[in-house]
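Reading through the structure tokens given below for one structure.
The values are calculated or read from the model by the stated rules, or taken from the named source; none is laboratory data. Just so it is clear, the structure is predicted and the values come from calculations on it, not from any experiment. Because the Cβ atoms are built from the backbone with ideal geometry, glycine has one as well, and the counts that use them run over all protein chains shown. Heads up: the accessible areas ignore ligands, DNA and RNA and are worked out on the full protein's heavy atoms, side chains in. Shrake-Rupley method; radii C 1.70, N 1.55, O 1.52, S 1.80 Å.
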Amino acid sequence: MLHEIFGDKVFEQKKLATIAAFSASELATLKTMLAKKLNSPATTSMGRLFDAVASLVNLRQQIRFEGQAAMELEFAIGSAKTGEAYSLKLRHGIKNESETGGTPVMLDWSPMIEAILADVQQGVSVGIISAKFHNALLEGIVAVAKRAGQDRVVLSGGCFQNRYLTERAVRRLQAEGFRPYWHQRVPPNDGGIALGQVVAALRQK
């Protein structure tokens, strides 16, 4: 993500926790991978955004299980309270040839990442940064819902195991006049996918 914003200059930022976590040889390999796009697929996973932010605030540089960094970022909020949110605005995306209608949009995370870096440099607590990050996601959800123009909004995916995110997303959407739906008996992560696969298989019989 830093490379997307700053290019190769990011490798010179030795004071950044994310860069400092790599050895010189690892950085050289990473630089080559990014330049040649080797084993570096683009992703739309919100989980990777959580991973990146956890790294930037030096909360977690290596994970031992899926969702570890995201969990720690949520727990880092603790008693921190703020209504502030980083900027996570909608912008028009690139239309895919396979799409037949609608206007694709994307959430631009680059201003948020730059603001997080500024807060880290100024010594803002990890709890406040995490809260502002979560709040940005909430506002992003509302913005997407408004752009879609649908009254009903389904909240699904592994990130909605996050209590802070889920509870506040439900309240924000309701406050804006939407009808949110969220997981209550089926898990929102891979457990829900597994159940869906079973249902799909049964329907094909």
* Can we say Thr43 is assigned to a loop (DSSP other than H, G, I, E, B), modelled with pLDDT under 95 and β-branched (Val, Ile, Thr)? -> yes
Of the residues in region 49-70, those that are touching a residue at least 24 places away in the same chain (Cβ under 8 Å) and assigned to a helix (DSSP H, G or I) come to Leu49, Phe50, Ala52, Val53, Ser55, Leu56, Ala70
- Query: Is there a residue being in a loop (DSSP other than H, G, I, E, B) and either farther than 20 Å from Arg168 by Cβ or within 20 Å of the chain's Cα centre (by Cα) (or both) anywhere in region 30-38?
  - Reply: yes
In the set Arg179, Arg168, Arg203, Arg185, the lone residue that is touching a Leu at 6+ places or on another chain (Cβ under 6 Å) and of a type outside the set (A, V, I, L, M, F, W, C) is Arg168
TODO: Inspect all residues belonging to region 148-159 and state whether any of them is closer than 20 Å to Ser45 by Cα, open to solvent by 50 Å² or more (accessible area, probe 1.4 Å) and at pLDDT 95 or above.
DONE: yes
**OP:** Would you mind stating whether Ser40 is more than 20 Å from Arg163 (Cα to Cα) and surrounded by 15 or more Cβ atoms within 10 Å (Cβ to Cβ)?
**Re:** no
Picking from Ala143, Ala200, Ala169, Ala136, the residue that is farther than 27 Å from Ala76 by Cβ and in a helix (DSSP H, G or I) would be Ala200
Filtering region 1-27 down to residues that are free of Cβ contacts under 8 Å to residues at least 40 places away in the same chain and either within 25 Å of Ser45 (Cβ to Cβ) or surrounded by 13 or more Cβ atoms within 10 Å (Cβ to Cβ) (or both) yields His3, Phe6, Gly7, Asp8, Val10, Phe11, Gln13, Ile19, Ala20, Phe22, Glu26, Leu27
Across (1) out of contact with any strand residue (DSSP E or B) (no Cβ under 8 Å at 6 or more places or on another chain); (2) open to solvent by less than 70 Å² (accessible area, probe 1.4 Å); (3) among the polar types (S, T, N, Q), Gln184 clears everything bar (2)
Checked against (1) under 19 Å from the mean Cα position of the chain (by Cα); (2) open to solvent by 70 Å² or more (accessible area, probe 1.4 Å), Arg179 satisfies every condition except (1)
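Conditions (1) of a type in the set (Lys, Arg); (2) over 25 Å from Ser55 (Cβ atoms); (3) modelled with pLDDT of 95 or more; (4) out of contact with any helix residue (DSSP H, G or I) (no Cβ under 6 Å at 6 or more places or on another chain), marked per residue:
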{"position": "Pro104", "(1), (2), (3), (4)": "no, yes, no, yes"}
{"position": "Val120", "(1), (2), (3), (4)": "no, no, yes, yes"}
{"position": "Gly127", "(1), (2), (3), (4)": "no, no, yes, yes"}
{"position": "Phe133", "(1), (2), (3), (4)": "no, no, yes, no"}
{"position": "Arg171", "(1), (2), (3), (4)": "yes, yes, yes, yes"}
{"position": "Arg179", "(1), (2), (3), (4)": "yes, yes, yes, yes"}
{"position": "Pro187", "(1), (2), (3), (4)": "no, yes, no, yes"}
{"position": "Gly192", "(1), (2), (3), (4)": "no, yes, no, yes"}
Of the residues in region 118-133, those that are under 16 Å from the mean Cα position of the chain (by Cα) and either among the hydrophobic types (A, V, I, L, M, F, W, C) or outside any helix (DSSP H, G or I) (or both) come to Ile129, Ala131, Phe133
